[in-house]
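Notes follow the structure.
The values are calculated or read from the model by the stated rules, or taken from the named source; none is laboratory data. Remember, predicted model here, so these are calculated numbers, not experimental data. When we count neighbours, we look across all protein chains shown, and the Cβ atoms used for this are built from the backbone with ideal geometry, even at glycine. Ligands, DNA and RNA are stripped out before the accessible areas are found, and what is left, the full protein with its side chains, is counted by its heavy atoms. Shrake-Rupley method; radii C 1.70, N 1.55, O 1.52, S 1.80 Å.
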Amino acid sequence: MELRHIRYFLAIAETLNFTRAAEKVHVTQSTLSHQIRQLEEELGQPLFARIGKRVTLTEAGQSFHEHVVPILRQVDQAVGALKEAPDDLSGELRIAATHSFNVQLIPLCLSRFMQRLPRVKVVVEELSGDQISEGLVDGYLDLGISYRPAIPRGLRFEPLYNEELKLIVANDHPLARRKRLRMVELNGARMTLLAPHFSTRQMLDECFAAAGARPQIVAELNAISPMIELVRRTDLCSIVAENALGNEPGVKAIPLESPTPVRTPGLLWSQQAQRSPASRFMAETIRQVVKQASWGR
């Protein structure tokens, strides 16, 4: 049992609704349900009764709730006390993020981190998801912000929020006037996307297949920045997370549906390596920034 299991349990106990609870803790409903099943299996009895769409606490759930609320309160108070304590940490922290998070999220987190721990040197690299995983496994990186790796390889993944991917086109593109677009309408569309080995591309290919769409992929790149620039300069369109755009001029983002492509970014670290206080503080800083800014919504 881990703290996240207790936080997920309390979120459902407070809302009595799996959908609202999942939104509250920034995970998908399927992830939340899976975590609760794990908790119930470990405890050996159900914590919630599901009758149709209604969710209620079982007797065991009510008893568990009474016991864990004060425990979690003490944990939060202890963590808060550590954050408020003076800290003269020094040294170096190496983190990496994919482009989507390096545009806005990382600079905001860095500014807060550096105010709190000014003597820690932070090295930030913009890498692909696979490169981040390799850096963590090899011990070259302390912390990563990316999507869940296809192969865990001894890495721990903590979901942060759900991120909707959108179609991007130049301002003078014929589709720029649309408010929403169904995936099937991209059948035959001229597009630039990430190369097939990227997990985001594989997810988009699955969305195209589900919608019965076969776009015309005329350019495959290995980075998002040149993809956005190519969209701005041509009649091509692409699909990226809106956070990756930053304040890019000349490009419009259009929501997609049927299906809506969604990814869940999160924190990554090695389960084998001992996490430094600076790495833990950076992870907590990222959690707080995401929570306060309702990132991905």
For region 206-228 the number of residues that are open to solvent by 60 Å² or more (accessible area, probe 1.4 Å) and assigned to a helix (DSSP H, G or I) is 4
Checked region 13-41 for anything under 21 Å from L160 (Cβ atoms) and acidic (D, E); matches are E14, E23
Checked pairs for region 137-154, first in contact (Cβ under 8 Å) with a residue 24 or more places away in the chain and among the charged types (D, E, K, R), second open to solvent by 30 Å² or more (accessible area, probe 1.4 Å) and in a loop (DSSP other than H, G, I, E, B), C-beta under 8 Å and 6 or more apart or across chains, list as D142/A273; D142/R275; D142/S276; R148/T264
Checking R263, R280 in turn, the sole residue that is within 19 Å of the chain's Cα centre (by Cα), crowded, with 17+ Cβ neighbours inside 10 Å and of a type in the set (K, R) turns out to be R263
Exactly one of T285, T234 is modelled with pLDDT of 90 or more and surrounded by 19 or more Cβ atoms within 10 Å (Cβ to Cβ), and that residue is T285
Over region 187-203, the set of residues at pLDDT 95 or above and closer than 16 Å to P259 by Cβ is N187
When every residue in region 98-124 that is among the polar types (S, T, N, Q), under 25 Å from F198 (Cβ atoms) and assigned to a helix (DSSP H, G or I) is compared, the one least open to solvent (accessible area, probe 1.4 Å) is S100
Taking region 19-75 and keeping residues closer than 21 Å to G266 by Cβ, polar (S, T, N, Q) and in contact with a helix residue (DSSP H, G or I) (Cβ under 8 Å, 6 or more places away or on another chain) leaves T19, T28, Q29, T31, S33, Q35, Q38
